[in-house]
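Undergrad: The structure follows.
The values are calculated or read from the model by the stated rules, or taken from the named source; none is laboratory data. Fair warning: this is a prediction, and the values are worked out from it, not measured in the lab. Cβ sites come from the backbone with ideal geometry, for glycine too, and all protein chains shown count toward neighbours.
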Amino acid sequence: MSAAHSIRSHRSIWDFLQPALDACCIVATLFAVKLAARGHVDDAGLAMGLVAVVAFLLTSQLTGLMSRFGGEAADREILLVAGTWILTVVALAVLGVATRYNELFARSILAVWIVTAPCAIAMVRMAARILQRGLLHRGVGTRTVAIAGLNELGVQTAENIHSDPGLGLRLVGFYDDRERDRLPERVPDSAALEGDLRQLVKKAQAGEIDSILITLPMRAEDRIRYILDQLSNSTVSVYIVPDFFVFELLHARWTQMGGLPAVSVFENPLYGVDGITKRCADIALASVGVVVAAIPMLLVAIAVKWSSPGPIFFRQRRYGLDGQEIRVWKFRSMKTTDDGPVVQQATKSDPRITKVGAFLRKSSLDELPQLFNVLEGSMSLVGPRPHATAHNEQYRGLIRGYMLRHKVKPGITGLAQVSGSRGETDTLDKMQKRIDLDHQYIRRWSLWLDIKILFKTLWVAWRQPEAY
């Protein structure tokens, strides 16, 4: 496929201005702190600033901070700045210990800089956000856009435009040539039906519209081709918003197959750099977890052995990445070790659960041996919780898209577990809710999301009455 037919992402001046402003804040605050301490800016300070800039920009790609400018709510953007800066400081600390480079700086200077730099980044971002929206409100940098196709996808597109002023788009209305009784009743307040497709083409050719978003269904090939043919000799920008949402997308993204553009429908989000990053985080945090939990695990092992006859550990067959069978480690919490074609879920006041096991299950301490599953690579710290093989075979025929949760490695904890979907799934609706949350995790995955789930796990592990 030639370069003229390749698909590129649209980038605005703000996409380049944003990282430049962040870099300036990092270097400027370091220099300001050093000068305020009656020091001077030397080569060591310059090198530290540049290393911090590189670390921050790389980390921001992982946390999602470096997404299109203004695309997040202000409070979420500030949280992302704080999270990204914390990871940057951790990276700098590790590098400083390894090279002893931090010995060249007074601790007081580093402490003040660590506090002031993220504050400066956040304030400059908020100021730039206000400036950008002020310019857009005055019509500077805005583009008029019309939507071809008044349908569910068109309405959703209009709502997205209206809710995100940072796009710089001014919606002038919908255009559709279907009969009124075939059009949806719900139309956003920010737009109305302005005419049919012929009127749209006429206004676009007259220069009254800058861009057109085609939200017609894929089966409406004749109407789409009519618009493209009529506007092929104009300067209007035309975009096709594909109605892939009629499918259950799982981490959809553009890719290429031998130069041909394609959109993934069911996809693992953890290929390439993202997968390496998550794996490195798993190894690092699981290693620390094993060291910290060594004594508690020893005490738990003694308690399990003392409480009832049987093995200390229990290994159960479950599905891992891509449905491959794995063996999951747990401290034994029951008098039985079920791992056959039929596995009964634990219920409230289950007679199979030992007294020590009840405490372990309530506190999630029975899951600690799964740190070894993480280290060996069969599990991750965060991901959909693995179910017993027997339960997988039961529910895969009852819940649409059930097995899609295995497009990523199973986790010790997950979005479903910190969102109240933990414990017995005695109804199909409860399992459906858990699967929906697992799918949501895969679609939204980021390193920052994993960090939030881990912290939330520490908070809710003891507070969920449905765990038994």
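Undergrad: Of all residues in region 106-123, count the ones that are assigned to a helix (DSSP H, G or I) and surrounded by fewer than 16 Cβ atoms within 10 Å (Cβ to Cβ).
TA: Adding up the residues that qualify gives 6.
Undergrad: Might you check whether a residue that is modelled with pLDDT under 85, in the same structural domain as Phe31 (by TED's automatic domain parsing), outside any helix (DSSP H, G or I) and farther than 19 Å from Cys24 by Cβ occurs anywhere in region 56-64?
TA: yes
Undergrad: Quick one: how many residues across region 354-403 are at pLDDT below 85, out of contact with any helix residue (DSSP H, G or I) (no Cβ under 6 Å at 6 or more places or on another chain), aliphatic (A, V, I, L, M) and part of a helix (DSSP H, G or I)?
TA: Matching residues across region 354-403 total 2.
Undergrad: Here's another thing I want to ask about it. Counting residues that are of a type outside the set (Gly, Ala, Ser) and at pLDDT 85 or above, which strands (runs of 3 or more DSSP E) fully inside region 144-258 reach at least 3?
TA: Once the strands (runs of 3 or more DSSP E) in region 144-258 are filtered for at least 3 residues that are of a type outside the set (Gly, Ala, Ser) and at pLDDT 85 or above, what remains is 169-175, 211-214, 237-240.
Undergrad: Follow-up question, since we're still on this one. Being more than 24 Å from Lys278 (Cα to Cα), at pLDDT 85 or above and assigned to a helix (DSSP H, G or I) narrows it down to one residue among Leu92, Leu50; which is it?
TA: The match here is Leu50.
Undergrad: Working only within region 404-461, note down all residues that are assigned to a loop (DSSP other than H, G, I, E, B) and over 15 Å from Asp282 (Cα atoms).
TA: Of everything in region 404-461, those that are assigned to a loop (DSSP other than H, G, I, E, B) and over 15 Å from Asp282 (Cα atoms) turn out to be Leu415, Ala416, Gly420, Ser421, Arg422, Gly423, Glu424, Thr425, Asp426, Thr427, Ala461.
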